[in-house]
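As structure tokens, the structure follows; a few thoughts come after it.
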Amino acid sequence: MAEITLGQVAGLVAALGFLVLVYFSIKPLRKLSGVLDRLTESLRELTDHTLPAIDQAAQTVAEANFQVKKLDTITEAAARTSEDISAMTTLVTSTVGAPFLAARKGASRLRDAFGSDKPEDGTGTNQPDSFNTSK
């Protein structure tokens, strides 16, 4: 039989030690593999649920932008209508109001020209004394 040297015994002990290390490392590595598999599945589920939500949010924002554009159009139309009504009111006031103001001025000039019927006592009535109850 061949003689076994001290180096060979040391190599055999090292190999057995490595074998024991590998044997006891298998169980934690399997657990780690299971954790990574579950992590991968969770990430896949998260992605499956998140992407439709992001798509729906993008669609909602697009619809909101469309509605804001429609609202801008309505607001601009309302502003133009308000300006048109203001211009129409000014036109009607100046067209209808000018003759009334001229008639009032004329009446005032006639009253000034022919004198006032107001009594001098300051009661402000033009009625004869029998009707004047303020005295």
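The values are calculated or read from the model by the stated rules, or taken from the named source; none is laboratory data. Treat the numbers as computed from the prediction; the structure is a model and nothing was measured. Note that each Cβ is placed from the backbone with ideal geometry, even for glycine, and that neighbours are counted across all protein chains shown. In case anyone asks, the SASA skips ligands and DNA or RNA and just uses the protein heavy atoms, side chains included. Shrake-Rupley method; radii C 1.70, N 1.55, O 1.52, S 1.80 Å.
Taking each residue as 0.36 nm, the span from Glu3 to Arg44 lengthens on full extension beyond its C-alpha to C-alpha distance by 8.8 nm. Taking a ≥ b ≥ c as the square roots of the eigenvalues of the alpha carbon gyration tensor, the range 1-107 is prolate, as a/c is not under 1.5 and a/b beats b/c. Measuring with a 1.4 angstrom probe and ignoring ligands and nucleic acids, Phe18 comes out at about 130 Å² accessible. Remark: spin-label model distance Glu63-Asp37 equals 4.2 nm, labels positioned 7 Å along the Cα→Cβ axis. 3J(HN,Hα) couplings calculated from phi for the range 30-45 with the Karplus curve 6.51 cos²θ - 1.76 cosθ + 1.60 (θ = phi - 60°) are, in sequence order, 5, 4, 4, 4, x, 5, 5, 5, 5, 4, 4, 5, 4, 5, 5, 5 Hz; Gly and Pro show x. According to the square roots a ≥ b ≥ c of the eigenvalues of the Cα gyration tensor, what is the shape class of the range 43-97, taking rounded for a/c under 1.5, prolate for a/b larger than b/c otherwise, and oblate for the remainder? Judged from the Cα gyration tensor, the range 43-97 comes out prolate (a/c at least 1.5, a/b above b/c).
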